[in-house]
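Here is the structure we will look at.
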Amino acid sequence: MGPLLFILYVNNMPRLLNHSRIAIYADDTVIYTSGNTMDEITFKLQTDLNRLLSWLCANKLSINAKKCKSLVISTPQHRTRTEQLRLFVGNNELEQVKVYKYLGVWLDETLNFHHHINVTCSKINKRIGMIKVARKFLDLDTTLLLYKSLVLSVFDYADIIYMHTSLENLNSLQVLQNNFCRIMLRAPRLTPTVHLHNTLKLMILSRRRHFHYCIYVYKCLNGKLPQYLADRLKLQDVQYVHQTRAVTRNDLIIPATHLMITRCAFSYVGPLIWNCLLEQTREAPSVATFKSSYL
């Protein structure tokens, strides 16, 4: 069975769940829910898991219980008093893990992405090492091409997801980019990083993450991403805004929040970043025009 036929075959799975939500990407499936107590979460997940198992059996499909894991995500304050999550696939209890790799991103119990950054830094270090050895045989343009294909792609992957990790983690990534710039230009260690990036015409990683986030919001508002993402963004109704506030036609509503963790949510960060863009940039007719206007 090919990928398309498989997707069509399992397309009804989301309708089975009464208490949880499901994310399906080919044969990678995640069931998730939220609750105030571990008993509540266990009940919701186990009930829907049982329904899913019955459906799979009826459709001649099976789950490899050994590859299934459970992960509890909570705030650091609740982490210390979180109980064990016990879920079963038939007679097999699922292993509860502290980190789990899903679609190339390492998720952890508090979403601090520390493990993901460590893995990313290790991968980039190896690639920088290989290019450093080859640099003596390559010109600058070829080295830059290798950087964009082998290193920059790793920096970029899921960068808007982990962008709210600690400053220490983000600095670890930036140090790697700075070191690579020195390798490419054969520059002394104390050369200012601004000069390095300007010479190579490279954005620093923080600006690049901001750039990617803006593109993401633009695509949501222009129907180029799934509707459930666009539904998290609400346009400001200028008619009801106090006259003393400067609000442009395209401003998004920034939801009120009192928790630091919710200030990392797309529904909060998206409008915050979008409202700071120039109106002519927001009104770009295409993604390509939007990118050019931003840069």
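The values are calculated or read from the model by the stated rules, or taken from the named source; none is laboratory data. These numbers come from a predicted model, not from an experiment. Don't worry about glycine lacking a Cβ; one is built from the backbone with ideal geometry, like all the others, and counts go over all protein chains shown. All accessible areas refer to the heavy atoms of the entire protein, side chains included, with ligands and DNA or RNA removed. Shrake-Rupley method; radii C 1.70, N 1.55, O 1.52, S 1.80 Å.
What number of residues within the stretch 194-224 satisfy the criterion of being more than 24 Å from S293 (Cβ to Cβ) and surrounded by 16 or more Cβ atoms within 10 Å (Cβ to Cβ)? If you could, list the steps in order and put the result at the bottom.
Kept after step one, since they are more than 24 Å from S293 (Cβ to Cβ), are these residues of the stretch 194-224: 195-196, 199.
This time we only want the ones that are surrounded by 16 or more Cβ atoms within 10 Å (Cβ to Cβ), so: 196.
Number of matching residues: 1.
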- Pairs where the first residue, in the stretch 126-145, is among the β-branched types (V, I, T) and the second is assigned to a helix (DSSP H, G or I), C-beta under 6 Å, 6+ apart: I128/F180; I131/L146; T143/R135; T143/M184
- Message: Within the stretch 34-43, does at least one residue satisfy the condition of being under 30 Å from M260 (Cα atoms), of a type in the set (D, E, K, R) and out of contact with any Leu (no Cβ under 6 Å at 6 or more places or on another chain)?
- Response: yes
- Query: Of these, K132, K101, which one is open to solvent by 70 Å² or more (accessible area, probe 1.4 Å), of a type in the set (D, E, K, R), under 17 Å from I31 (Cα atoms) and out of contact with any Gly (no Cβ under 6 Å at 6 or more places or on another chain)?
  - Reply: K101
- Message: So S34 ticks every box in (1) under 26 Å from the mean Cα position of the chain (by Cα); (2) surrounded by 12 or more Cβ atoms within 10 Å (Cβ to Cβ); (3) modelled with pLDDT of 90 or more but one. Which box is left unticked?
- Response: (2)
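If I filter the stretch 61-73 for residues that are within 30 Å of L170 (Cα to Cα), touching a Ser or Thr at 6+ places or on another chain (Cβ under 9 Å), part of a helix (DSSP H, G or I) and open to solvent by 80 Å² or more (accessible area, probe 1.4 Å), do I get at least one hit?
No, that holds for no residue.
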- Only residues in the stretch 11-34 that are within 14 Å of C68 (Cα to Cα) count as the first member; pair them with residues that are among the charged types (D, E, K, R) and open to solvent by 40 Å² or more (accessible area, probe 1.4 Å), Cβ under 6 angstrom, at least 6 apart or cross-chain, and list the lot. Y32/R21
- Can N112 be described as among the polar types (S, T, N, Q), under 17 Å from the mean Cα position of the chain (by Cα), at pLDDT 90 or above and not in a helix (DSSP H, G or I)? yes
- Task: Hey, can you tell me all the residues within the stretch 275-295 that are open to solvent by less than 10 Å² (accessible area, probe 1.4 Å) and either among the aromatic types (F, W, Y) or touching a Cys at 6+ places or on another chain (Cβ under 6 Å) (or both)?
- Result: F290
